[in-house]
Amino acid sequence: MKIVLFDVKPASSNSKKCINKDLAGGMGTGTWIGNSLRARIFEWVKRKNVVLPVLTTAYLASIFKKAGWEVEVASADENFNSSNRSGDLALVSTSIVDCHNELEVIKVLRKNGFYVGAYGAFASSVPDFFAGEADFVIKGEPEAGALKIISEKELPRGVFEVEPIKNLDKLPFPDWSYFPINKYSYFPALTDKPVVLMLASRGCPYSCAFYCAYPLLMGRKWRARSVDNIIGEIEFLKNNYGIRAIDFRDPVFTLDRERARSFAESLLKKNIKISWSCETRLDCLDKDLLKVMRQAGLKNINVGIESYDSEILKKSNRLPVEQKHQEEIISFCRKLGITMAAFYILGLENDTEENIKRTINYAKSLNTLVAQFAINTPYPGTALFDKLKEEGNITNFEWENYDEYTPVFRHKFLSQQKLLDLKEEAFVSYYFRPSYLLRYMPIFLKKFL
């Protein structure tokens, strides 16, 4: 049996956006800031320096290869013609930000005789979008779908629903031999290359599932790989691909602090030299843990701050972190040499213009290496989407606009144009401040000069 895994390149109609399909829980993001020169400069920097693969595809390649299938990983674009390829099965990775283009690729594959399946967070959340053209759509973790196809020895039809994988240690390590790993970049968070992605755990139990895309594919139940299994993959990556940096895509890497400490201590004990980045909550961090993680190669942490106003966060079903604690942790990380990427959401349901400007000013006071300002996006499949749709407040059902930078619902206090203006103001005023440039310009000069 032969499988062809298709990586669909973004359509030219999305050329103004910097699209990364593995972000936002696999829904993908399409960064566009505005029309000013400074906004365009920021977009150019991001387009050149945040280039990431879809981790799931590397897992699928490994799973099918281990089962004895012939595996091919191929690229496709809007001018794609599959007549020169053949296989028993084609699987197409999907996103919300490039879904129409991905649908067209599926149509071409079917026309040329392929049996086609679609997978990913968007396909799992809105399977009907692809079900009319694809032979089947995996609803749930794609890796679980692959294992079920292999075990049942037949190809599914329609919506193919699967349960989450219980024992993540049983998954083979992702196979990066099919991928151009030297092209991947996660700058400025990680400066070493080659860099790839890893998952040490899956699932997120926190209440932000009300609007967050992560649980749509991973679920809310937290499932963790053993420390030995994670260390084994890092050794495999270093020995086989010369990997020097890893970005962990776990929603909450330090949910179990003792496990995180054990992981860091294992890296130190084995003298494994690797730069790495992770994502977590600030209230899942403490100073002692940060010290040992920094010694073990931690370079950057992604954290969600989202709003200055804790009451607005609570009304959005978000568990806020005490400001004193988050300021202490960010300051301590700076002393240790750990950079921070802080994520903010503009246009939470009870946001006002005044509150958003306070959030922007608060971000400036924290002065992290990266500040990401996303417009509140009600992803299909989340409780927030269902609520706004029931209220009649979803104003845009063009899925590709669900890119984290485009307003798609009627806000009770802010017009869509005002949200766009505040988004551009946030990025431009943050990154072109003297205090930001003085602290971080050496990192960028080292990269570009």
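The values are calculated or read from the model by the stated rules, or taken from the named source; none is laboratory data. As the structure is a computational prediction, the values presented were derived from the model and not from experiment. When we count neighbours, we look across all protein chains shown, and the Cβ atoms used for this are built from the backbone with ideal geometry, even at glycine.
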* **Residues of region 237-246 classified as closer than 14 Å to P172 by Cβ and surrounded by fewer than 15 Cβ atoms within 10 Å (Cβ to Cβ), total** => 1
* Structure fact -> In region 192-223, anything crowded, with 18+ Cβ neighbours inside 10 Å and part of a strand (DSSP E or B) is listed as V195, V196, L197, M198, S201, R202
* Condition broken by G219, with the remaining ones in (1) within 30 Å of A123 (Cβ to Cβ); (2) at pLDDT 95 or above satisfied -> (2)
* Structure fact -> Among the residues of region 252-261, the number that are in a helix (DSSP H, G or I), surrounded by fewer than 17 Cβ atoms within 10 Å (Cβ to Cβ) and in contact (Cβ under 8 Å) with a residue 12 or more places away in the chain is 1
* So which residues in region 327-359 are in a helix (DSSP H, G or I) and crowded, with 20+ Cβ neighbours inside 10 Å? -> I329, I330, C333, I356, T359
* Asked: Can V126 be described as assigned by TED's automatic domain parsing to the domain that holds P10, of a type in the set (A, V, I, L, M, F, W, C), touching a Lys or Arg at 6+ places or on another chain (Cβ under 7 Å) and modelled with pLDDT of 95 or more?
  -> no
* Asked: Of all residues in region 60-107, which are among the hydrophobic types (A, V, I, L, M, F, W, C), farther than 20 Å from P180 by Cα, outside any strand (DSSP E or B) and touching a strand residue (DSSP E or B) at 6+ places or on another chain (Cβ under 8 Å)?
  -> W69, V97, V105, I106
